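The values are calculated or read from the model by the stated rules, or taken from the named source; none is laboratory data. Everything numeric in this text was worked out from a predicted model, so none of it was measured. With ideal geometry, Cβ positions are generated from the backbone for all residues, glycine too; neighbour counts draw on all protein chains shown.
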Amino acid sequence: MTSDIKIVPLGAGQDVGRSCVLVSISGKNIMFDCGMHMGYQDERRFPDFSYISQPGGATDVIDCLIISHFHLDHCGSLPYFTEKFGYNGPLIMTAPTRAIAPILLEDYRKITVDRYGETDFFTTTQIKQCIKKVRTIRVHETIQVDKDISVKCYYAGHVLGAGMFLVKVGTQSVLYTGDYNMTPDRHLGCAWVDRCSPTVLISESTYATTIRDSKRCRERDFLKKVYNVVEAGGKVLIPVFALGRAQELCILIEEFWDRMNLKVPVYFCHGLTEKATNYYKLFITWTNEKIKSTFVNRNMFDFKHISVFDRSYMNNPGPMVVFATPGMLHSGMSLNIFKAWCHDAKNMVIMPGYCVAGTMGHKLLNGSRKIETDKGSITVNMAVEYLSFSAHADAKGILQLIKNCQPKNVVLVHGEERKMSFLIDKITDQFQIPCFKPANGEQINIPCQPQVSATMSKETFKSVRSAGNQFDGMLVQKNNQLLLLSREEAVQQLGLKPHTLNLNYKLCLTGLNLEGSVIMERLHTQLSSIITDQKLGTFKRQHDGTLHLNSVHITCRTEGGRSVVHVSWNVEDEPIGKAVSEILEECGEDLITN
Amino acid sequence: MKITNHGNLDHSCCNLVKLNNVHIMLDCAANVASLTPFLPFSALQTPRLENLPSHPDMPGVLKKTPGGMLLVDSSLHLVPPDQVDVSLIDAILITNNSQMSALPFIMTDPDFHGRVYATEPCVLMGRLALIALCKYIEQCPTRRSEVDMNSIPSHVHSIFKQKSHMRQVYNKDVIDSCFAKITPVRYNEQVDLFGLVDCVPLPAGHSIGSANWVIKAGDYKISYVSSSSKLTNHTLPMEVISLANPDVLLLSNLSLNPMYFPDNTLSEVCNVVTSTVKSGGNVLIPCHSTGVILDLIEWLIQNLNKNSLSDVPIIIVSPVADAALAHPDIYGEWLNDAKQAKLYIPELPFQHSQLIKSKRIHHFSNVADGMREVYKTPCIVFAGHPSLRCGDAVLLLEKWRDDTHNAVILIESEFSFATTLAPFLPMSMRSYFCPIDPSINYSQASKLIKDIRPKTVVTSPTYFRAPVTHPNRCDLVLVSDAPVVELGVGETVNLQQPKTSINVELSLEQLDQLNMQPLKTSDGYQLVSNVSGMLKARDNKPTLGAPNPSSLRSAMYGEVELQELIAVLTSKGLTPNKVETLGAGDHFLITLSDHSSTITLSPNVTSISAHTGKMRHTLQGIVSSLLVSL
Ligand SMILES: [Zn+2]
């Protein structure tokens, strides 16, 4: 039972892109995410599945696959893995992810196949078949995958439907965060997790060294750029994909236009129409409190300032802002608009996301300003801006999550190696827990301490809980069971008999010839002045001349013509008995002479 | 384990369960039927009702209808759960939105310190239902008189027998502040109560977010099944598997009108509506703005279209109509498979938003709010309050009661047909009772008991007697093959719960320092170790933290065996010089080789005398190791 937890990133180990982390926990293999690396056109875009190539196929190796959210770097290889690689086991994601992921996968498939003429890629039908296998999970729901594996979903913010997943097998557990953010944004709430104390927390670390509020700054930056261009009479083109970033930017522009009372027209082109925002309307319970509480009167996704674009508007004079698909300027409306506007230095194109090599977007971001098209070369005079809006936790957010969930180990993925090292220092410094950053294909073993539990009676439990949680008692092994007994229970159930352990010390006064009562009187005075610790108490003199404090008795007897001081005490009063006997042993009869 | 029924009717539930010393209230319903003895009122004057003759017993307070029913002219009152010690409650679990009406009474009690759990849609729908009621009351043009409920003679209505704790209906601020404090949960979410009890809500199939609860204390399992439905409706079907094999099945809220099958009454409603509008009459359906109405509208539209009556306006009048109609569409994840599948198209799960957009359905917060523009005869109006004691339903009924072409259809089963309509009788308008109660009936409940195999069934004794109206209908009686414990209103049952213990995890620090030693006990030698530390809840599991002895004085227990002591002394190089037997033979005096240190042994006292502190300390250690200190 107490095997190590083994973790291997098949992708996103010390890297961003193609997230895929394999976890082996108590003999069960869980795969978290099945992403695609957008930066590669060859097999490197898939996670390294050779690691799990086995004669029996992936279904024999993997017991459960969980997709954290709809971004392609987390789900892009899913149809490949299920339909081509042959995984047929449990596949878990949230309902919004199940709704939106296939659309993004289809968009991506189109670019790859139509644009690059790839033939060995998954098909539309395969995407559909893959999605049919999904079992959806609600926030905070616990799903029992089989008799050993349970999965619980937590809210992660980041994008609509993003989840963090706690997988438990036996006494071990792993919390995988996917991408998350710890501050609420325009349309989503922030990630939340209870004190689930997982054996291992696997956290993303994209912005491991970034400071908080940087997203707000980037938003302000974005709005300022848009505003400056339209104020100067220029046009702004924002190439986006139909879902995700587009809705967030629309909310941002909508709010800004409202606040600044701007009249400059804002359009989104056809690919972004109702269908896309409908998903957001249907999944409003996954957005933040503000949107949830106001949607009856005003649906945040019914935009007042943004209207549908018609290609005839392209050559309208004066300023405008246009959101157009696709996001990488490789074809379609966004490319057409770009070609029409790029000669004018007053205009601007803002790329809000990643661009695949070979696309116009990628060339622009790499500094090309002369672009070859089928109609000859064109010069780009318009301003080109790149702004990343991904909502990820920053260092402070990651530390906060660790504090909230109290893991025993932390593994960092989905980030740059150098930044991870910085964060690891902070984590080990603040929490004194082991922290790892495995590279792709590198297996780490996390030793698991055996978990031992003992049973406690309801009555004792309740009385301990009501008395400040301090437990004092005994652990007893009985019939292969461990019992935690309170003192009273232990005495009673084990049939323990009270036993007095009595300790004695005596001091013979050889050089003194004093009355016993005088000796006792002087001793009393001396002890009272030396033992001043209030906690120990003070000696009382009885009328027979003896001194008493709790079980400690001091008497003076005459033995063989000499006075002998006897000190006697029970072990419970050891602190006092010890103090008295030490004083007598050290000072001898000087104590009484003076 | 103890269960007390604090409810005051079989269908306004409130059970207090004491399990593992945790007090859990299951549902918190006020008796809504207690609205019926009051004089109906609405936003506009209704002279006929206001001018009903006074009853000589209490002129100005009691009014008499032509049919002889006495009505109290006063602000509306509800009957909250009976005799609850609010301070005991650790948690309240809610099954569905009709079982929350007493929450504001309990939650505003300064002695209440518990937490309330309900599913996310249930919190919202429950809040809307209560807000609708308060808004109807606020809309009343004249201030209702405050009548002391204790002065009402009990012959007016049975609820005045327990009048001492009738409470005036709360206001919107109270509802808002209470409902904001409820913890929303999802199906299959584990709710942990102090690490002692674990509660999980499961789909009940009754309405959006309706839940049955599985409550576990260790291996002991209670399945609380209330307002469950086997009907095919808009919500997720009832889950049975997770309810199986409980120690106790607590069963409540079976169908209130088991003589009526909801599928039949649903089509009867459609038939009455069709024939009424065909003859040019208006239809009034007094109802709540959430729940059954959602399915009814979809059925009705289909039926009207089939009968080429698609131009008859359907009007929903409720102060919460907009929210009540908008919200079901955002709870796609809580709906049945067919509706859930629409999320992925994407399409709205319900038809009504589209029908509102296309002006097939209209909704208004009250009759004065623009209804005039779409109103034409014939029309179909859904309006509240279903008690017919307040709201626009009262107004419309007063307006339409004289026309024999018009029809009123009562569909909410918690209100009795005769009493609800009594203030409006006699009238020419036709009236129909078509209760659409999705709750399982007696034979379905009997089958459920067979399926989930409980060790004990705890339920209302009334379910085992056929209704007075149908004494020979054995299908209207609950049959249980498991032992039954009857729990009537106001009663308590005590059930034997196997002695449970709590699993406490030992922290690594604690394991590191454990020193298990054999100890002679009344059962022979056992391995024991002293432990102390703080008990913490980690991952909702109790854990004993790092060793941390308390300052409590400890005492010694056990017995010191002479031979054992000599053996240990010898092994430490302190071979005794002399051992003497004293007294009756169970006292010994051991003198050590330094001639001045001695140990005296007796069965329950050991006494050590030593010349130096160091020697005494050594001997004390040796003797202590043979004893146990606690
Ligand atoms: Zn992401």
Quick one: which helices (runs of 4 or more DSSP H) sit completely within the stretch B:348-426 and have at least 2 residues that are touching a helix residue (DSSP H, G or I) at 6+ places or on another chain (Cβ under 8 Å) and either assigned by TED's automatic domain parsing to the domain that holds B:L335 or of a type in the set (S, T, Y) (or both)?
B:352-357, B:392-400
Being among the small types (G, A, S) and surrounded by 24 or more Cβ atoms within 10 Å (Cβ to Cβ) is the filter; apply it to the stretch B:224-254 and report the residue that is nearest to the chain's Cα centre (by Cα).
B:S226
Cross-chain or 6+ apart pairs with Cβ under 6 Å, the stretch A:381-398 first and farther than 27 Å from A:K235 by Cα, then within 14 Å of the ligand (Cβ to nearest atom) and outside any loop (DSSP other than H, G, I, E, B):
A:H392/A:Y207; A:D394/A:Y207; A:I398/A:S203
Can you tell me which residue in the stretch A:366-416 is nearest to the ligand (Cβ to nearest atom), limited to those that are assigned to a strand (DSSP E or B), away from chain B (no Cβ under 14 Å) and out of contact with any helix residue (DSSP H, G or I) (no Cβ under 9 Å at 6 or more places or on another chain)?
A:V411
What number of residues within the stretch A:38-81 satisfy the criterion of being within 16 Å of the ligand (Cβ to nearest atom) and either aromatic (F, W, Y) or outside any helix (DSSP H, G or I) (or both)?
11
Taking the stated definitions as given, is A:S581 in a strand (DSSP E or B) and surrounded by 17 or more Cβ atoms within 10 Å (Cβ to Cβ)?
no
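Quick one: how many residues across the stretch B:520-535 are surrounded by 13 or more Cβ atoms within 10 Å (Cβ to Cβ) and more than 7 Å from every other protein chain (Cβ to nearest Cβ)?
1
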Residue within the stretch A:102-124 that is more than 16 Å from the ligand (Cβ to nearest atom), closer than 23 Å to A:D148 by Cα and away from chain B (no Cβ under 14 Å) present
no
Pairs needed: first member in the stretch A:62-85, more than 14 Å from every other protein chain (Cβ to nearest Cβ); second member anywhere, polar (S, T, N, Q) and within 16 Å of the ligand (Cβ to nearest atom); C-beta distance under 7 Å; at least 6 residues apart or different chains.
A:I67/A:T97; A:H69/A:T97; A:D73/A:S19; A:H74/A:S19; A:H74/A:S68
Just wondering, is there one or more residues in the stretch B:504-519 that are touching an Asp or Glu at 6+ places or on another chain (Cβ under 6 Å), at pLDDT 80 or above, more than 8 Å from chain A (Cβ to nearest Cβ) and surrounded by fewer than 19 Cβ atoms within 10 Å (Cβ to Cβ)?
no
Give me the strands (runs of 3 or more DSSP E) completely within the stretch B:153-208, filtered to those with at least 1 residues that are modelled with pLDDT under 95 and in the same structural domain as B:D109 (by TED's automatic domain parsing), ordered by residue number.
B:191-193, B:197-203
Do we find that A:D194 is more than 15 Å from the ligand (Cβ to nearest atom), of a type in the set (D, E) and modelled with pLDDT of 90 or more in this structure?
yes
Residues in the stretch B:293-307: is at least one part of a loop (DSSP other than H, G, I, E, B) and within 14 Å of chain A (Cβ to nearest Cβ)?
no
Of the residues in the stretch B:56-106, those that are surrounded by fewer than 20 Cβ atoms within 10 Å (Cβ to Cβ) and part of a helix (DSSP H, G or I) come to B:V86, B:S87, B:L88
Condition met for B:A326 (assigned to a helix (DSSP H, G or I) and more than 14 Å from chain A (Cβ to nearest Cβ))
no
Are any residues in the stretch A:155-187 at pLDDT 95 or above, within 16 Å of the ligand (Cβ to nearest atom) and out of contact with any helix residue (DSSP H, G or I) (no Cβ under 9 Å at 6 or more places or on another chain), and if so, which ones?
A:A156, A:F165, A:Y176
From the list A:L503, A:L485, A:L536, which one is more than 10 Å from every other protein chain (Cβ to nearest Cβ) and not aromatic (F, W, Y)?
A:L536
For the stretch B:163-196, name all the residues that are out of contact with any Ser or Thr (no Cβ under 8 Å at 6 or more places or on another chain) and at positive phi.
B:F194, B:G195
